[in-house]
Structures are given as C-alpha cells and as structure tokens.
1. Among the residues of region 6-29, how many are surrounded by fewer than 17 Cβ atoms within 10 Å (Cβ to Cβ), closer than 16 Å to Phe63 by Cα and either at pLDDT below 90 or over 12 Å from the mean Cα position of the chain (by Cα) (or both)?
2. Which of the residues that make up region 35-59 are exposed (fewer than 13 other Cβ atoms within 10 Å of the Cβ) and over 13 Å from the mean Cα position of the chain (by Cα)?
3. Name the residues in region 60-70 that are part of a helix (DSSP H, G or I) and either more than 11 Å from the chain's Cα centre (by Cα) or without any contact (Cβ under 8 Å) to a residue 24 or more places away in the chain (or both), would you?
Amino acid sequence: METSAASGGPGGLGGGPAPFLIKTYDMVDDSSTDEIVSWSDNKNSFVVWNPPEFARLLLPTYFKHNNFSSFIRQLNTYVQIIINKSFLWNHDNAV
C-alpha cells in the first residue's frame, strides 16, 4: 500500500493511516510470524511473544532500525500500551 508523505505523522494528516501504522499492521498480520507477534484472540490487539526475535528479525524488515524501545515509543504516540508479561497493542485507541 502506498501512502503520501502528508500522512506520515500521528493523526494521519493526509487522510489515511500513517505509514508506521500500515507497516505495523502488515507485520502483525503476517501469519508466518505468529510465533513472534500475532493478533490476540479477539483480533483487536496484538501480542509480541518474543521481543528479542521481534527486534532482530522483524523490525529491520519493516523499519530502518531494530530497536524494540524505539518501536514502543513510536507505537505509544498512536495507541495505549498495556504491559502484562507480553506487550499488547490495542487498536481501539488508534487514531
């Protein structure tokens, strides 16, 4: 999916989702990575099951870094993070 530069920040100024959110969705939605990151049972959040492998294998594939903390900081600009053994992202609060 292609997006314009205007939609790059929180709030999707160009009318569509920010590239960060699109890349994150694509990464989580890839069923071949379910052992590392997957949707929750109710499909309204995702769980990072293996943060070291997430950072080592997935982040550099979708982003220009492999820093898990940077990913969490960026994600936090869009949504609420709940930490409970694993990292859980809930898109009900996404912009």
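The values are calculated or read from the model by the stated rules, or taken from the named source; none is laboratory data. Computed from a predicted model, the values in this text were never measured in an experiment. Using ideal geometry, Cβ is built from the backbone for each residue, glycine included, and neighbour counts are taken over all protein chains shown.
1. 2
2. Those that are exposed (fewer than 13 other Cβ atoms within 10 Å of the Cβ) and over 13 Å from the mean Cα position of the chain (by Cα): Glu35, Asp41, Asn42, Lys43, Pro52.
3. Residues satisfying the conditions are Pro60, Thr61, Phe68, Ser69, Ser70.
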